[in-house]
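The values are calculated or read from the model by the stated rules, or taken from the named source; none is laboratory data. These numbers were taken from a predicted model, which means no experiment stands behind them. So basically every Cβ, Gly included, is an ideal-geometry build from the backbone, and we count neighbours across all protein chains shown. What goes into the accessible areas is simple: the full protein's heavy atoms, side chains included, and nothing from ligands, DNA or RNA. Shrake-Rupley method; radii C 1.70, N 1.55, O 1.52, S 1.80 Å.
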Amino acid sequence: METRNLTCIGCPMGCQLKVTFDPSNMENITVEGNTCNIGHNYGIAEVTNPTRVVTGTVGVSNRENIVASVKTKNPIPKGEIDTVAKILREIKVEAPVKIGDVVDHKRTDLGFDLTLVVTREVQ
């Protein structure tokens with residue numbers, strides 16, 4: 001059995017979780033220390049398939065020295081954060097963009113959804 005001590009990031013409470021599991025059999029995972037179901041689900045996800053929402057910036061093609069802030073619409077596998085960071089450096093949007101606009105990334109070869117959403121208005 002393996003034990004991981006985690007801090008839940010599912011809500012502002014920041015529960016201290018103790019997740020116990022057998023790496024050879026991920027069927028039997030116990031989560032202790034959570035005060036809600038979000039913490040329970042977070043603990044299981046962290047040991048089976050950790051994901052994160054990635055934030056960053058993309059260039060604005062028609063504005064000099066201006067960037068637009070973006071985030072992934074959905075969490076991506078934690079091990080792919082560097083891949084996403086490299087892709088963000090290549091992407092350019094054209095102003096104006098507003099909060100909530102979806103950036104057209106046209107990447108289907110990644111094995112995960114890389115839909116980007118603008119998080120700051122650029123005129």
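Once the 1.4 Å probe is applied to the protein heavy atoms, the chain comes out at 63 Å² accessible per residue. For the chain, the longest principal axis of the alpha carbon atoms and the long axis of helix 37-48 meet at an angle near 80°.
Each Lys and Arg adds +1 at its Cβ and each Asp and Glu adds -1 at its Cβ; summed about the Cα centre, the stretch 25-74 shows a dipole of about 340 debye. Sequence-distant contacts, meaning Cα pairs under 8 Å at least 6 residues apart, place the relative contact order of the stretch 38-123 at 31 percent.
For the pair the stretch 66-123 / the stretch 1-56, the C-alpha centres are spaced 27 Å from each other. Ranking Asn62, Val19, Met1 by how far each Cα lies toward the positive end of the dipole of the chain (charges on Cβ) leaves Asn62 at the top. Quick one: net charge around Ile29, please, counting Lys, Arg +1 and Asp, Glu -1 for every other residue with C-beta under 12 Å from its C-beta. With Lys, Arg at +1 and Asp, Glu at -1, the net is -3. Relative to the longest principal axis of the C-alpha atoms of the chain, give the angle of the C-alpha long axis of helix 81-90, reported between 0 and 90° and rounded to the nearest 10°. Roughly 0 degrees, rounded to the nearest 10.
Gyration tensor over the Cα atoms of the chain: the corresponding equivalent ellipsoid has semi-axes (square roots of 5 times the eigenvalues, largest first) of 36, 16, 10 Å. Over the chain, dividing the summed -39,500 (n - 2.57) contributions of all DSSP H runs of at least 4 residues by the number of residues returns a 222 nm mean residue ellipticity of -5500 deg cm²/dmol.
A straight chain from Thr57 to Ile38 at 0.36 nm per residue would run longer than the Cα-Cα distance by 3.9 nm. Model label points for Thr108 and Val67, set 7 angstrom from Cα along the Cα-to-Cβ axis, are 3.0 nm apart.
Share of the stretch 42-86's accessible area from carbon and sulfur, percent, 1.4 Å?
Carbon-and-sulfur percentage of accessible area, whole number: 49.
Using R0 = 35 Å, the C-beta based FRET efficiency linking Ile29 and Lys92 works out to 0.25. Taking amide hydrogens as placed 1.01 Å from N in the peptide plane, the amide H of Val93 sits under 5 Å from those of Gly59, Val60, Ser61, each at least 5 positions away in sequence or on another chain. Give me the percent of DSSP beta bridges within the stretch 29-118 that run antiparallel, rounded to the nearest 5. So the antiparallel bridges amount to about 85 percent of the total.
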